1. Residues that are part of a helix (DSSP H, G or I) and over 23 Å from Leu23 (Cα atoms): does segment 156-163 have at least one?
2. Inspect segment 147-167 for any residue being polar (S, T, N, Q), touching a strand residue (DSSP E or B) at 6+ places or on another chain (Cβ under 7 Å), at pLDDT 95 or above and surrounded by fewer than 19 Cβ atoms within 10 Å (Cβ to Cβ) and give the result as yes or no.
3. In the set Val14, Val5, which member is buried (at least 19 other Cβ atoms within 10 Å of the Cβ) and in a helix (DSSP H, G or I)?
4. How about segment 86-106: which of its residues are farther than 17 Å from Leu149 by Cα and either more than 15 Å from the ligand (Cβ to nearest atom) or out of contact with any Phe, Trp or Tyr (no Cβ under 8 Å at 6 or more places or on another chain) (or both)?
5. The conditions are (1) buried (at least 17 other Cβ atoms within 10 Å of the Cβ); (2) touching a helix residue (DSSP H, G or I) at 6+ places or on another chain (Cβ under 8 Å), and Val28 fails exactly one of them. Which is it?
6. Consider Ser142 against the criteria (1) in contact with a helix residue (DSSP H, G or I) (Cβ under 8 Å, 6 or more places away or on another chain); (2) surrounded by 13 or more Cβ atoms within 10 Å (Cβ to Cβ): it satisfies all of them except one. Which criterion is unmet?
7. Of the numbered conditions (1) without any contact (Cβ under 8 Å) to a residue 12 or more places away in the chain; (2) within 16 Å of the ligand (Cβ to nearest atom), Val14 satisfies every one except a single condition; which is it?
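The values are calculated or read from the model by the stated rules, or taken from the named source; none is laboratory data. Remember, it's a predicted structure, so these values are computed and weren't measured experimentally. A quick note on method: Cβ atoms are made from the backbone with ideal geometry, for glycine too, and the neighbour counts reach across all protein chains shown.
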Amino acid sequence: MSVIVGITGASGSVLAMNTVDELLRRNVATTVVCSNSARLVWEDELGVPFNETLVEWQENPNFNFYSANDMRAPIASGTHPTKAMVVVPASMNTIASIAHGITSHLVHRAADVCLKERRRLVLVPRETPLNSTHLENMLTLSRMGAVILPPEPAFYLKPQSVDDIVRFIVSRIIVALDLDEALPEEFRYEDKES
Ligand SMILES: Cc1cc2nc3c(=O)[nH]c(=O)nc-3n(C[C@H](O)[C@H](O)[C@H](O)COP(=O)(O)O)c2cc1C
């Protein structure tokens, strides 16, 4: 069973890239679906077209990809077994859509399926500041069982670089997906104190 990674058009493409890289490094079957807006942000933030990274991922036998318009993809149906899904980064548009069952593209539909099938759904929302609609939508999703995992740095770990922060967030995602029981020691508060 694969883990689905939905990528949407919020800031933080680097989080999506590193999450997929980490899943593949662990030999986890990984299915990616990326919204059209995510492709724009990807190129803006990472300086490479999404398709260039996609071609590299496609060399890995554990990797699978569906277009955001492909509503006939297996992951659009609850009958297709999947282990869990993460949406990283999750735009406020996507948060609103999933919260209200609006499935305008495959990221939304796959997340909707996870909720109805009571499968693990991890959402990494990115926006600041947040208005009341954003907050209410996230509360709705949390009450439906989704894990809301904002990509916030752990300043107490004294990150030295963006890469340190990204590795911490990706580790958090891996635990939230139930692929690891606990964070690695380097990311635990108590270990920093000793
Ligand atoms: C460079 C760029 C950065 C963006 N950053 C954010 C963001 O951090 N959070 C957000 O909610 N929307 C952000 N947006 C707006 C979303 O891309 C837009 O709402 C889009 O409709 C989201 O569509 P999707 O949810 O289908 O990916 C950004 C757009 C661009 C072009």
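1. Restricting attention to segment 156-163, the residues satisfying the condition of being part of a helix (DSSP H, G or I) are 156-157, 162-163.
Now narrow it down to the ones that are over 23 Å from Leu23 (Cα atoms): 156-157.
Among the residues of segment 156-163, at least one is part of a helix (DSSP H, G or I) and over 23 Å from Leu23 (Cα atoms), which makes the answer yes.
2. Scanning segment 147-167 turns up no residue that is polar (S, T, N, Q), touching a strand residue (DSSP E or B) at 6+ places or on another chain (Cβ under 7 Å), at pLDDT 95 or above and surrounded by fewer than 19 Cβ atoms within 10 Å (Cβ to Cβ).
3. Working: Val5 fails: in a helix (DSSP H, G or I).
None of the others qualify; the one that does is Val14.
4. Filtering segment 86-106 for residues farther than 17 Å from Leu149 by Cα gives 97, 100-106.
Of everything in segment 86-106, those that are farther than 17 Å from Leu149 by Cα and either more than 15 Å from the ligand (Cβ to nearest atom) or out of contact with any Phe, Trp or Tyr (no Cβ under 8 Å at 6 or more places or on another chain) (or both) turn out to be Ser97, His100, Gly101, Ile102, Thr103, Ser104, His105.
5. The failed condition is (2).
6. Only one criterion in (1) in contact with a helix residue (DSSP H, G or I) (Cβ under 8 Å, 6 or more places away or on another chain); (2) surrounded by 13 or more Cβ atoms within 10 Å (Cβ to Cβ) is unmet by Ser142, namely (1).
7. Status for Val14: all satisfied but (1).
The rows are residues; the columns are (1) β-branched (Val, Ile, Thr); (2) free of Cβ contacts under 8 Å to residues at least 60 places away in the same chain.
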{"residue": "Val5", "(1), (2)": "yes, no"}
{"residue": "Thr8", "(1), (2)": "yes, no"}
{"residue": "Ala29", "(1), (2)": "no, yes"}
{"residue": "Val32", "(1), (2)": "yes, yes"}
{"residue": "Asn64", "(1), (2)": "no, no"}
{"residue": "Met85", "(1), (2)": "no, no"}
{"residue": "His105", "(1), (2)": "no, no"}
